[in-house]
Structure formats: C-alpha cells, structure tokens
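Any read-out appearing in this document is the output of simple, stated calculations on the displayed coordinates, not a laboratory observation. The shown structure was predicted, so the numbers you read here are calculated from the model rather than taken from an experiment. Glycine gets a Cβ as well: all are built from the backbone with ideal geometry, and neighbour counts include every protein chain shown.
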Amino acid sequence: MLVQVGEEERRRRERASVHTEEEAEGKTVFPSVRRLHERISDLERRAAREADPARRMLLEERARRLKSRRFRRIRDVVARVAEEIIELAGQNNAAIVIDVMDGKTYIARKQSGEGGVKKHLYDGLGQLRKGLKKLAKWYGLQYREVRLYSAICPRCGAKMEEEKRIMRCPACGFSDHRDNIPLLWAKRRYWEILRKQPAFSSLVAITLLTS
Ligand SMILES: [Zn+2]
C-alpha cells in the first residue's frame, strides 16, 4: 500500500509514518500480528497432537484468546490508518483513489500465505477499503475505486520492464519504482476530476493490493 500526497505533506510524512507495500505484506505494520499468528498456529498444532482432553482444551482456549487479540489488533491498525488517510485528504482537499484488485485475484492471494497468515492481512486491507469508503462519504471527500496499471508506462503507454522492482520503459526511457507507477496513473486518470472540481486541489492515491 502506498500513499501519495503533495510535496509538503510528503516531507511531513517522511518524518512521520509512511505506508508501503512491504508494510501491507506484514513486515513492519503488522509484526506483532505475525508473531501472534505464529503463536496461534503453534498452539493449534500442539492441540491437534495432544491426547489428553483436558490439556487439549486448555491449548484450544489459549489459541482462541490469541485469535481475538489478533482480530482486535488488525481492527485497531485499520481504524488508525483509515483516520490518518482521511485526515490527509481533508487537509489537502484531496480526492481519494483506491487501486483495487479483482475479486478472484484477491481470494487467491488471501489463500496463498503460509499457514493463512496473509488471509488476515488481506482481511485488514479489505476492512481498510470499506472504512475509507464510509469515512470519505461522511466527510464529503471524492472517493474512487479503480484498477491502476503497474506495468504500463504512464508517459507513453508502452509495456514496461521490471528489474528489482524498478520499472523501465523501453520505448521512452521513463523509469520509476514499481509502487509509484499506479500513483502516476491515478494522477493521470483523475487529472480531469481535479480540473472539473477545483475544490479538490490534489490527490491522495492509495494503491491497495497491488502486486
Ligand atoms: Zn514510455
């Protein structure tokens, strides 16, 4: 996930927190969720192997408690991120553009994680999308969900080549980080909205669930 805002706001965010796709993959925003997930999987494995019914119940109960903690933690992070994005959009009179993947890919990704750890992260992103939509409506902010290109050159439209997450256009030579390509497309596509509705002077583009 990536948030793009105006220059000044970007600098402020560099000092504060920046959301990247790595975080969406659970490497930094959800480290505690990942740890919780590992502990739950471990308890469940031990419960399945446990022959003694009383001890098995105890292990299952501990796993259940950790599961509700995991649920609450994801919910809290989602609520905080949604509020932060809405606040940014409000401060910058920005339109919010969400890059969503189609339902089939979403389900496949959700089921691909080791021991289902990704399921919870994708659930969290799904909740974030719903939360943002609701909040944007409430605060009267422009909100759009679209599929944005990550491998098509935003300058000339040619297919780009990737090397270590850096995209390069063989036709015009344009190059940028893979995470930035959908944002450039969001700007390009929503430039018209911004011109037609001068009330929205900038764009908060959030790419959710891009590969
Ligand atoms: Zn190009």
Highest mean packing first, using Cβ neighbours within 10 angstrom, the peptides 141-150, 161-170 sort as 141-150, 161-170
XL table K137/K164; K133/K187; K67/K187; Cα-Cα > 30 Å flagged, in table order, is K137/K164; K67/K187
Kirkwood radius from Cα pairs of the range 64-103 plugged into Stokes-Einstein at 10 °C, 1.306 mPa s, gives D in µm²/s equal to 130
By the C-alpha gyration tensor axes a ≥ b ≥ c (rounded if a/c is under 1.5, else prolate when a/b exceeds b/c, else oblate), the shape of the range 97-164 is oblate
Note on the range 43-125: alpha-carbon gyration tensor, axes a ≥ b ≥ c; rule is a/c under 1.5 for rounded, else prolate if a/b larger than b/c, else oblate; result oblate
Among L59, N92, A79, the residue whose Cα sits farthest towards the positive end of the charge dipole of the range 46-105, when +1 is placed on the Cβ of each Lys and Arg and -1 on the Cβ of each Asp and Glu, is L59
